[in-house]
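Okay, structure first, notes after.
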Amino acid sequence: MLLIFLDQHSFVAVHHLLYDCYFGNGKFGSQKNIMDTKFARRTERIGSTTCSYWRAGRCNRNPCRFLHIETPSPPAACGYGNTAYSNGKKPHSSSENTPKYGSKKALLGDNGDRGDATRVAKAFKKSSPRICKYWINNNCVHGEQCLYLHSWFRGDGFSTVTKLHEHKKVITGIALPVGSDKLYSGSTDGTVRIWDCHTGQCAKVINLGAEVTSLISEGSWIFVGLQNAVKAWNIQTMSEFTLDGPKGRVRAMTVGNNTLFAGAEDGVIFAWRGSSKADSPFELVASLTGHTKAVLCLAVGCKMLYSGSMDQSIKVWDMDTLQCTMTLNDHTDVVPSLICWDQYLLSSSSDRTIKVWACIEAGSLEVIYTHTEENGVVSLFGMPDAEGKPILFSSCRDNSVHMYELPSFSERGRLFAKKDVALIELGPGGLFFTGDESGLLMVWKWLEVPKVASS
C-alpha cells in the first residue's frame, strides 16, 4: 500500500531495488542460477556435435549450441558388420532392427551428409563378404547406404546371365545333354523342368509325383533318381525305361566305364550296363555293398569309382572288378561331395574341411592338403576360368560358393544365393549353372570362353 503514495521517480527506484533483491542474490536469483547451470549443461551435451552450418560457412547463431570446431567422426561402421540385421523377424526399415552405430542418423551424421555415408558403405562393401538378405527379396530400403552387397557375386572375370526361379524346392540335378538346346533341371518338388536355351523360358514341366533326388545326362540319355528307382529317358528316340533295384532315395549317380552307377539310401551302389534285351537297354550287373548309411556322392577317375556317404567314409572301388579296394576315414562328418581332378581326389565334408588326396607309392591314397572353411561344405565342383586356370568351387553352409585358385587355394571370388547351393554344373561356351535349396537356378558366364575343357 506504501507504493500508492510514492511519486513516479520513487516508484522506479523501489522497483529496481526489489528486482535486484529477488532476481539477483535473493530466492529467485538462486533459481535463475540453477536454471542457467542446467541450460549450460544441456548446451554442453548438445555441443559435442560439430555445427553442420558452421562447416558450410553459414552459421549465424552466436552463441551456437553446437561446436564450431572439427571433432573425430563417430565410428559409424565399427561393430555394424557384426550386428546389423541380426534379427531377421523385424522389417529391414525398422529402427529397432538397426544397431546403435548402424542407424540412419549415425551413418549420415547430424548434418545429413549422405556423401560420407555412401563412402563408408562402399568401403565396407569392399571388405564385406556378405550379401544383403533384404536386397535378395527386393525390399532393401537403404540403397547405396546399405553396408552389404547388392550383387549376386563378388569378384572379376564372370557375371550372371539370368535367374530361373520356377522350382519350389531344392534343385537336385542340372543337365545339358550334348547336342541339345534344352536344359534339364530336377527338384524335390517332384518335377523335371525343360528350359529353352534360346529364350530362357520353361518349355515343359514333367510331374513325376515323387521327389527327384538326382539327375544327370550321358550322351542322349537323361537319368533321374527317384525313390526306389531310376528313370532313363532317351531324348532322341523319346523312349523311357525304369531301372528297379535301389532301396530308398537315389541321392547320387555317375557314369564310367560304360556303366551307370546309382547310390541309394540304404548304402548300396547299383551298377547297370548296356543290354541287348528288347524290354530294356540296361542290365543290372552288380550291387556294391559296404557303406552303412546313405550314399551321397559318386565320382569316377583313374579307373576307380569313389563314393562318399553319411557314414563319414569314402570308399574306393575297382571299375573292372567292382570290388572295394580301400576305405578312407579321415573325415569326421558326412561326405556330401567328391570330384576327381587330374591325378587328385578332392573331398568335402560337413566337418568344414576340403581334403586333397593323392596316390603314394604303395598305391593307397593319402591326404596331402586340408583346407578349412568357416562352415560345412555342401558340394564341390572344378572348372577352368577364361585363362585356363583351375578354379575350385566350394559351396558352403552360408548361402555362398567360395571360388579358389588351385593349387594355392587363394580366394578368387564368391557367388551368392538365396539358400545353400546344392550343385554346380558346367555348360558350353563358358556357361555354368548353380542350383540352390530355394529352387533358384542361376546361369553364369565367364567373360571369356575357357581355353581348356573341364576335368
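Every number in this text was worked out from the coordinates using simple rules, so none of it is lab data. What you are looking at is a predicted structure, and each value in this text was computed from that prediction instead of being measured. Every residue, glycine as well, gets a Cβ built from its backbone with ideal geometry; the counts of neighbours run over all protein chains shown.
Taking 0.36 nm per intervening residue step and subtracting the Cα-Cα distance, what contour gain separates Asn234 from Ser52 on full extension?
Computed gain between Asn234 and Ser52 is 58.3 nm.
For the cross-link pairs Lys293/Lys418; Lys182/Lys315; Lys355/Lys445; Lys168/Lys293; Lys247/Lys315, which exceed 24 Å when the distance is taken from alpha carbon to alpha carbon? If you can, show how the numbers build up before the last one.
Details: Lys293/Lys418 29 Å; Lys182/Lys315 35 Å; Lys355/Lys445 28 Å; Lys168/Lys293 28 Å; Lys247/Lys315 19 Å.
Pairs exceeding the cut-off: Lys293/Lys418; Lys182/Lys315; Lys355/Lys445; Lys168/Lys293.
Once the Cα gyration tensor of segment 153-446 is found, what semi-axes does its equivalent ellipsoid get, as square roots of 5 times the eigenvalues, in whole Å, sorted largest first? Let's see the in-between values first.
Numbers: eigenvalues 143, 135, 57 Å².
After scaling each eigenvalue by five and taking roots: 27, 26, 17 Å.
Cut-off is 10 Å between beta-carbons; in what order do Val443, Val224 appear when sorted fewest neighbours first?
On the way: Val443 19, Val224 27.
Placing the least packed residue first, the sequence is Val443, Val224.
Neighbour counts of other C-beta atoms within 10 Å: give me Tyr184, Tyr344 arranged from fewest to most.
On the way: Tyr184 23, Tyr344 20.
Going from sparsest to densest Cβ surroundings: Tyr344, Tyr184.
By counting other Cβ atoms within 10 Å of each Cβ, how are Asp279, Asp342 ranked from fewest to most?
Working: Asp279 6, Asp342 12.
The order, fewest Cβ neighbours first, is Asp279, Asp342.
Want the number for Lys389 to Lys419: 0.36 nm per residue separation, take away the alpha-carbon distance, what's left? List each step's numbers first, then the result.
On the way: separation 30, 0.36 × 30 = 10.80 nm, distance 2.79 nm.
Roughly 8.0 nm would be gained on extension.
Considering segment 210-352, what Rg and Dmax in Å follow from its alpha-carbon atoms?
14.7, 48
In nm, what is the difference between 0.36 nm times the number of residues separating Asn207 and Glu144 and their Cα-Cα distance?
Computed gain between Asn207 and Glu144 is 18.4 nm.
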